[in-house]
Amino acid sequence: MTPDDPLVRHYLDQSMVMRLATISARGNASITPLWFVVEHGRVLASTSAATLAARNAEADARVTVLLDAEKAGHSEIVVRLSGTAEVHHGLPSAQVMARFAAKYYLAPGGLRSEIGHARQRPLRTRYYAQSDAVLLAIEPTEAELVPLPSPAAPEEPYRTDQQ
């Protein structure tokens, strides 16, 4: 499957949050949920330069994006995109910002969600004020469908008082 496959485009259209997997300079893995838009085949996400996602993408451009098409309902399959990320310091262009606004604030339920989370606005403002903004521009090179593991039978909880 390729990144321009119709099924991949469907997942990109039906997903609101991507999970971005990155690797640090020391080889530690991290997964960060991010809002995103798609432009010219690239997946764009804006975040703070201080986040693990931004720092890791600068250290190692290889990234993986997981999409589960949550707008289409529960799925037992995710799309995994592998590719490379470029880190652009500064705010996204006005055109890209408008695409984020249209997807997340002007979409049905978007404004209601923002109002419902208004108390978190100062926290979000402080979080993003920690450092300059960056735009992650991800160029997918591979795509594959990955089945989610089936729910396992409950196991006995881990105990620290093993005898």
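Going by the structure shown, is GLY90 touching a Leu at 6+ places or on another chain (Cβ under 9 Å) and exposed (fewer than 15 other Cβ atoms within 10 Å of the Cβ)? Step through it out loud before you land on a result.
Details: touching a Leu at 6+ places or on another chain (Cβ under 9 Å): yes; exposed (fewer than 15 other Cβ atoms within 10 Å of the Cβ): yes.
Against the criterion (touching a Leu at 6+ places or on another chain (Cβ under 9 Å) and exposed (fewer than 15 other Cβ atoms within 10 Å of the Cβ)), GLY90 qualifies.
Residue by residue, here is whether (1) charged (D, E, K, R); (2) touching a strand residue (DSSP E or B) at 6+ places or on another chain (Cβ under 9 Å); (3) within 20 Å of ASP68 (Cα to Cα) holds:
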position	(1), (2), (3)
LEU81	no, yes, yes
GLU86	yes, yes, no
VAL96	no, yes, no
TYR104	no, yes, yes
PRO108	no, no, yes
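Within the range 15-29, track down each residue that is in contact with a strand residue (DSSP E or B) (Cβ under 8 Å, 6 or more places away or on another chain) and either within 30 Å of SER113 (Cβ to Cβ) or of a type in the set (A, V, I, L, M) (or both).
The answer is SER15, MET16, VAL17, MET18, ARG19, LEU20, ALA21, THR22, ILE23, ALA29.
Do you know which of the residues in the range 71-101 that are in a strand (DSSP E or B) and among the polar types (S, T, N, Q) is farthest from HIS10 (Cα to Cα)?
So, considering only residues that are in a strand (DSSP E or B) and among the polar types (S, T, N, Q), the one farthest from HIS10 (Cα to Cα) is THR84.
Given the structure, is THR125 of a type in the set (Ser, Thr, Tyr) and in a helix (DSSP H, G or I)?
Here the answer is yes, as THR125 does meet what is asked.
Here's the yes/no breakdown for (1) part of a helix (DSSP H, G or I); (2) surrounded by 20 or more Cβ atoms within 10 Å (Cβ to Cβ); (3) at pLDDT below 95:
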residue	(1), (2), (3)
THR2	no, no, yes
LEU20	no, yes, no
ALA25	no, no, yes
PRO33	no, no, no
VAL43	no, yes, no
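Could you list, ordered by first residue, the pairs with Cβ atoms under 9 Å in which the first is in the range 2-18 and of a type in the set (Gly, Ala, Ser) and the second is in a helix (DSSP H, G or I), at least 6 apart or interchain?
SER15/GLU70; SER15/LYS71; SER15/ALA72
Matching residues to (1) within 16 Å of the chain's Cα centre (by Cα); (2) over 22 Å from ALA21 (Cβ atoms); (3) among the β-branched types (Val, Ile, Thr):
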site	(1), (2), (3)
LEU34	yes, no, no
VAL43	yes, no, yes
SER46	yes, no, no
LEU52	yes, no, no
ALA59	no, no, no
HIS88	no, no, no
ALA94	no, yes, no
ARG99	yes, yes, no
GLY110	no, yes, no
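Only residues that are of a type in the set (S, T, N, Q) and under 24 Å from ASP4 (Cα atoms): list them for the range 51-92, please.
THR64, SER75, SER82, THR84
The values are calculated or read from the model by the stated rules, or taken from the named source; none is laboratory data. Note that this is a predicted model, so its numbers are computed, not measured. As a convention, Cβ positions derive from the backbone with ideal geometry for all residues, glycine included, and neighbour counts pool all protein chains shown.
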